[in-house]
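Trainee: Structure in structure tokens, see below.
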Amino acid sequence: RPVLRSHEHAQFEVREPVKIMWFEKVYVCLCFLERNILYPILFMGALTENSPKIVAKFGENIGPLIIVVCGLKSLRSSYADPASRFLVVIFSVLFFQVDYSGLSETFLIDYFISGILFAKIYELLLKIRFVVTYIAPWQVTWGSAFHAFAQPFSVPHSAMLFLQATISAILSTPLNPLLGSAIFICSYVRPIKFWERDYKTRRVDHSNTRMSSHLERNLGADDNNLNSIFYEQLTRSLQHSLYGDLALGRWGNVEQGDCFLLASDYLNCLVHIVQLGNGLVTFQLRGLEFRGTYCQQREVEAISESIEENDNCCCCEMGHFSNVLSMNAAFGQRWLAWEVASAKYVLEGYSISDNSAVSMLQVFDFRKVLVTYYVKSIVFYAIKSPKLKTWLENPEIIEALKPTLEKNFVDLDPVFNMNIDEDFDFRASGITRSSFCNVYLEWIQFCAIKNDKSLERGRDSCLVSLCLALSLLGRRVLGAASHNTVSSVEFFLYGLHALFKGDFRITSTRDEWVLHDVDLLRSVVAKGVRMALKLHQDHFMSPEQYEEPPALFDAIDNHDRHLVISHEADPLWRNAVLSGAPSLLALRHILDDGVDEYKVIMLNKRYLSFRVIKMNRECVRGLWAGQQQELVYLRNRNPERGSIQNAKQALRNIINSSCDQPIGYPIYVSPLTTSYAETNEQLCSIVGGSLSLSAIKSTVLKLWRKVRRRCGQGCSSGGTVAQDDGGFGHEGVYAMTTHNIHF
């Protein structure tokens, strides 16, 4: 375990914001002094001292150009790449002023050249580490017969391989394995920061597709499209806090072009650091599938496994010292193209629980509970609606409700069934006003008293007629969407999902009265079916919880205010997730690769723990280039090709999966996103916010008020009572000074 541990390191589940440790404060202050004071003084001094020498040697035309380029590069590098600048300074001084002083061209030019050499040498080192780790015989994974054939034939070409690595480092070209084997070749030149293009995915929902597509084909009903919203939310969370966390050292040393893997129970994403600057970082996030492939799961297990329990030393189990790795574990960790930068990195996100809707509605009794809550929710929203009196006074609606007041009224629609309708009258083979009142009248009267005691709420009142008609309409719409089949749970769920996403189809002439005001469907029936699903979920936790009207009323009212219940393709769902709603509920219909199932998705906002894995960026570039070569140029479309099989030492499958489509298959790729220092409260609490005119003004005013207050307290007249601000900033208002008067 680390020597300097975070407060949350030993916690199984984090329930509060991350606390700042003393060593993080020290690190931030030292980096602040180095970046904003030490390096500027060093480079400004070098500019002052070396500028006349450079102009004298290179002339008045070339000299100023060299000064500007070298000076700007030196100053900018202290902000864009602060982690390795001290090495460049030391190398330039030792090499050009001690070892080869005759080659020195002033410190400014020496530093400029040393920075380029350092970047190329470090890139070569990363390439060699990638190659040696990838082809090590004791951990090689052969994904195909070609790999086994290529492994021994690559040995005689080792010298050529290192020459290729040197050339590729000079030209900044990826060094990629041919078809995923041990034979490496140079690819063409690509940028180090970006990949080939600014690629990003787009989530399919109601806001960017036609309504008919969702109603007829259930567009976007695959797990990957629906789960991509969680990576979008994670991107927003990183945008808020990433720069501050990097400045606090929670990701270790970070450079431009680095690639990190964030891994949790179900979220696995690659974070590509594109640009580092003064108070900002630009990154791109690539989210992987929740239900990953077998190879992806093996690699996730490799980065999540505990190595502290490994007691092996070669072939013996000799154990190890406390807080020290064993020989085998230490050797294994050195032969990896990745390392754990943080074992517990905390971000705000959502815990996701999904339950099979089929198992919850398989039994008729469970469906009856859902329909009962459905009717009660319709009654609740109808009575709570501000348009209730308008509906009760509408002559067209009153005329349509008159048949329900008849003594022999009975609705014989075959959609009603004694197995799922609590108020079904088996003697009349339908639903009557009397049977409806026997079950729901108490609930109607309770809701009416809670909202408006002046409402008429007797058995023969217009309010009861409206609730009866709405309940019949709601159940008939559900039955029509279920193809009037109550025996099959699949048809029932199909209809329930259709209503959940807002697909209400009026098929009976007896229900056409609702079209006089469509708000009856939008604000009563639609909300009722969604609330019924939540109440049905609660029923499994405590079946007797909502038997009394007060408990049920309070539960519906509380859920209505604090819980977002929506279809996942509705823009409301996306806005709620991205704005950080505390709890959300949805009914998901998955149609993907022959899978047809329904799930109840419940989201709760909490703090998520991630493992931050720093990957060899040349390994990422090389594997991406290899996949592009194999798929685009060699036309290998085999989904089980050997080059994407798992290789734990390089995380080959995870890296290849995160490449741009159609080469890889990430479910979400964010646009280039920038995180600023000002959005991280913890960093601002240590070093303050950004330097601006308004910040300087507020600081000066605050200091002036403190000076006036102290002067008032310590004046020679003996005043000891704390003074106010002395009217500073309040035009025409001045405070009188209070003195102690002695008699």
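The values are calculated or read from the model by the stated rules, or taken from the named source; none is laboratory data. Quick caveat: nothing in here was measured; it's all calculated off a predicted structure. Note: ideal-geometry Cβ built from the backbone for every residue, glycine included; neighbour counts use all protein chains shown.
Trainee: On the given criteria, is ARG588 in contact (Cβ under 8 Å) with a residue 24 or more places away in the chain, touching an Asp or Glu at 6+ places or on another chain (Cβ under 8 Å) and surrounded by fewer than 22 Cβ atoms within 10 Å (Cβ to Cβ)? Break it down stepwise before answering.
Mentor: Numbers: in contact (Cβ under 8 Å) with a residue 24 or more places away in the chain: yes; touching an Asp or Glu at 6+ places or on another chain (Cβ under 8 Å): yes; surrounded by fewer than 22 Cβ atoms within 10 Å (Cβ to Cβ): yes.
Answer is yes for this residue.
Trainee: Conditions first: (1) free of Cβ contacts under 8 Å to residues at least 12 places away in the same chain; (2) assigned to a loop (DSSP other than H, G, I, E, B). ASP554 passes all but one, so which condition is the exception?
Mentor: Evaluating ASP554 over (1) free of Cβ contacts under 8 Å to residues at least 12 places away in the same chain; (2) assigned to a loop (DSSP other than H, G, I, E, B) leaves (2) as the failure.
Trainee: Here's something else I'd like to know. I'm checking my understanding of the structure. Among residues of the stretch 328-353 that are among the hydroxyl-bearing types (Ser, Thr, Tyr) and more than 19 Å from LEU246 (Cβ to Cβ), which one is surrounded by the most Cβ atoms within 10 Å (Cβ to Cβ)? Give the steps one after another, and end with the answer.
Mentor: Quick first cut of the stretch 328-353, residues among the hydroxyl-bearing types (Ser, Thr, Tyr) only: 342, 345, 350-351, 353.
Filter again for more than 19 Å from LEU246 (Cβ to Cβ), leaving 350-351, 353.
Values: TYR350: 23, SER351: 14, SER353: 11.
Across the stretch 328-353, the extreme among qualifying residues is TYR350.
Trainee: Sticking with this one: Scan the stretch 570-584 and give yes if some residue there is part of a strand (DSSP E or B), more than 18 Å from the chain's Cα centre (by Cα), buried (at least 20 other Cβ atoms within 10 Å of the Cβ) and at pLDDT 85 or above, otherwise no. Before you say what the answer is, go through the steps one by one.
Mentor: Initial filter on the stretch 570-584 (part of a strand (DSSP E or B)): 583-584.
Within this subset, residues satisfying the condition of being more than 18 Å from the chain's Cα centre (by Cα) are none.
No, the conditions are met nowhere in the stretch 570-584.
Trainee: Sticking with this one: Given the structure, is THR282 more than 21 Å from ILE644 (Cβ to Cβ) and in a strand (DSSP E or B)? Before the answer, list the steps.
Mentor: Values: more than 21 Å from ILE644 (Cβ to Cβ): yes; in a strand (DSSP E or B): yes.
When the stated conditions are applied, THR282 passes them.
Trainee: Looking at SER92 and the list (1) within 30 Å of TRP251 (Cβ to Cβ); (2) of a type in the set (Gly, Ala, Ser); (3) in contact with a helix residue (DSSP H, G or I) (Cβ under 7 Å, 6 or more places away or on another chain); (4) touching a residue at least 24 places away in the same chain (Cβ under 8 Å), which single condition is not satisfied?
Mentor: Tallying (1) within 30 Å of TRP251 (Cβ to Cβ); (2) of a type in the set (Gly, Ala, Ser); (3) in contact with a helix residue (DSSP H, G or I) (Cβ under 7 Å, 6 or more places away or on another chain); (4) touching a residue at least 24 places away in the same chain (Cβ under 8 Å), SER92 fails exactly one: (4).
Trainee: Something else now. If GLN545 passes every condition in (1) assigned to a helix (DSSP H, G or I); (2) at pLDDT below 90; (3) among the polar types (S, T, N, Q) but one, which one does it miss?
Mentor: (1)
Trainee: What number of residues within the stretch 488-542 are part of a helix (DSSP H, G or I), in contact with a helix residue (DSSP H, G or I) (Cβ under 7 Å, 6 or more places away or on another chain) and basic (Lys, Arg)?
Mentor: The total comes to 3.
Trainee: Okay, next question. Need a quick list: helices (runs of 4 or more DSSP H) entirely within the stretch 634-720 having at least 3 residues that are in contact (Cβ under 8 Å) with a residue 60 or more places away in the chain and under 29 Å from VAL340 (Cα atoms).
Mentor: Details: elements: 652-657, 681-687, 693-713.
Those helices (runs of 4 or more DSSP H) span 652-657, 681-687.
Trainee: Condition first: surrounded by 14 or more Cβ atoms within 10 Å (Cβ to Cβ) and over 21 Å from GLN537 (Cα atoms). Now tell me which residues in the stretch 593-610 satisfy that.
Mentor: Correct list: TYR607, LEU608, SER609, PHE610.
Trainee: Hey, which of the helices (runs of 4 or more DSSP H) in the stretch 1-115, taking only ones fully inside, have at least 1 residues that are within 30 Å of ALA677 (Cα to Cα), in contact with a Ser or Thr (Cβ under 8 Å, 6 or more places away or on another chain) and among the β-branched types (Val, Ile, Thr)? Can you show your working first?
Mentor: Numbers: elements: 22-33, 39-80, 85-94.
Because the criterion is at least 1 residues that are within 30 Å of ALA677 (Cα to Cα), in contact with a Ser or Thr (Cβ under 8 Å, 6 or more places away or on another chain) and among the β-branched types (Val, Ile, Thr), the helices (runs of 4 or more DSSP H) in the stretch 1-115 that meet it are 85-94.
Trainee: Considering only the stretch 254-271, state which residues are surrounded by fewer than 23 Cβ atoms within 10 Å (Cβ to Cβ), more than 18 Å from SER77 (Cα to Cα) and not hydrophobic (A, V, I, L, M, F, W, C).
Mentor: Of everything in the stretch 254-271, those that are surrounded by fewer than 23 Cβ atoms within 10 Å (Cβ to Cβ), more than 18 Å from SER77 (Cα to Cα) and not hydrophobic (A, V, I, L, M, F, W, C) turn out to be SER264, ASP265, TYR266.
Trainee: Say whether the condition of being farther than 30 Å from ASN604 by Cβ, surrounded by 18 or more Cβ atoms within 10 Å (Cβ to Cβ) and charged (D, E, K, R) is met by at least one residue in the stretch 460-479.
Mentor: yes
Trainee: Looking only at helices (runs of 4 or more DSSP H) that fall completely inside the stretch 355-432, which ones have 1 or more residues that are touching a His at 6+ places or on another chain (Cβ under 8 Å)? Even if it seems obvious, please write down each step before you answer.
Mentor: Values: elements: 357-361, 364-384, 388-393, 395-401.
The helices (runs of 4 or more DSSP H) meeting that bar are 357-361, 364-384, 395-401.
For every residue, the table says whether it meets (1) surrounded by 12 or more Cβ atoms within 10 Å (Cβ to Cβ); (2) over 22 Å from SER685 (Cα atoms).
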residue	(1), (2)
PRO2	no, yes
HIS7	yes, no
TYR27	yes, no
CYS31	yes, no
GLU34	yes, no
ALA46	yes, yes
ASN61	no, yes
GLY71	yes, yes
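Trainee: Restricting the stretch 88-146 to residues that are at pLDDT below 90 and of a type in the set (Ser, Thr, Tyr), which is surrounded by the most Cβ atoms within 10 Å (Cβ to Cβ)?
Mentor: TYR134
Trainee: Now a separate question. Based on what the data block shows, is GLU60 closer than 30 Å to LEU179 by Cα and among the acidic types (Asp, Glu)?
Mentor: In short, no.
Trainee: Then there's this: What's the number of the condition GLU442 fails, among (1) surrounded by fewer than 17 Cβ atoms within 10 Å (Cβ to Cβ); (2) of a type outside the set (A, V, I, L, M); (3) part of a helix (DSSP H, G or I); (4) more than 48 Å from the chain's Cα centre (by Cα)?
Mentor: (4)
Trainee: Looking at (1) over 16 Å from ALA337 (Cβ atoms); (2) hydrophobic (A, V, I, L, M, F, W, C); (3) within 29 Å of the chain's Cα centre (by Cα), can you tell me which one LEU631 breaks?
Mentor: Failing condition for LEU631: (3).
Trainee: Does the stretch 490-512 contain at least one residue that is within 26 Å of VAL415 (Cβ to Cβ), surrounded by fewer than 20 Cβ atoms within 10 Å (Cβ to Cβ) and either in the same structural domain as LEU234 (by TED's automatic domain parsing) or of a type in the set (A, V, I, L, M) (or both)?
Mentor: Yes, the stretch 490-512 contains at least one residue that is within 26 Å of VAL415 (Cβ to Cβ), surrounded by fewer than 20 Cβ atoms within 10 Å (Cβ to Cβ) and either in the same structural domain as LEU234 (by TED's automatic domain parsing) or of a type in the set (A, V, I, L, M) (or both).
Trainee: So which of LYS389, LYS384, LYS376 is out of contact with any helix residue (DSSP H, G or I) (no Cβ under 7 Å at 6 or more places or on another chain) and basic (Lys, Arg)?
Mentor: Details: LYS384 fails: out of contact with any helix residue (DSSP H, G or I) (no Cβ under 7 Å at 6 or more places or on another chain); LYS376 fails: out of contact with any helix residue (DSSP H, G or I) (no Cβ under 7 Å at 6 or more places or on another chain).
Testing whether each residue is out of contact with any helix residue (DSSP H, G or I) (no Cβ under 7 Å at 6 or more places or on another chain) and basic (Lys, Arg) leaves just LYS389.
Trainee: Quick check on the stretch 614-630. Is at least one of its residues acidic (Asp, Glu) and surrounded by fewer than 19 Cβ atoms within 10 Å (Cβ to Cβ)? Give the derivation first.
Mentor: As a first pass, look at the stretch 614-630 and keep what is acidic (Asp, Glu): 618, 630.
In the following step, the residues that additionally are surrounded by fewer than 19 Cβ atoms within 10 Å (Cβ to Cβ) were identified as none.
Taking every residue of the stretch 614-630 in turn, none turns out to be acidic (Asp, Glu) and surrounded by fewer than 19 Cβ atoms within 10 Å (Cβ to Cβ).
Trainee: For SER377, all conditions in the list (1) of a type in the set (S, T, N, Q); (2) surrounded by fewer than 21 Cβ atoms within 10 Å (Cβ to Cβ); (3) touching a Gly at 6+ places or on another chain (Cβ under 8 Å) hold save one; what is the number of the exception?
Mentor: That leaves (2) as the condition not met.
Trainee: When VAL564 is evaluated against the numbered criteria (1) modelled with pLDDT of 90 or more; (2) surrounded by 22 or more Cβ atoms within 10 Å (Cβ to Cβ), which criterion, by number, is the only one it fails?
Mentor: With (1) modelled with pLDDT of 90 or more; (2) surrounded by 22 or more Cβ atoms within 10 Å (Cβ to Cβ) applied to VAL564, the lone miss is (2).
Trainee: A follow-up question, please. Check ILE654 against each of (1) aliphatic (A, V, I, L, M); (2) within 26 Å of the chain's Cα centre (by Cα); (3) buried (at least 23 other Cβ atoms within 10 Å of the Cβ); (4) more than 23 Å from PRO191 (Cβ to Cβ) and name the one condition it does not meet.
Mentor: (4)
Trainee: Something else: Residues of the stretch 557-569 being assigned to a loop (DSSP other than H, G, I, E, B) and of a type in the set (Asp, Glu), which ones? Steps first, please.
Mentor: In the first step, residues of the stretch 557-569 are kept if they are assigned to a loop (DSSP other than H, G, I, E, B); the result is 566-569.
Within the stretch 557-569, just GLU568 meets the criteria.
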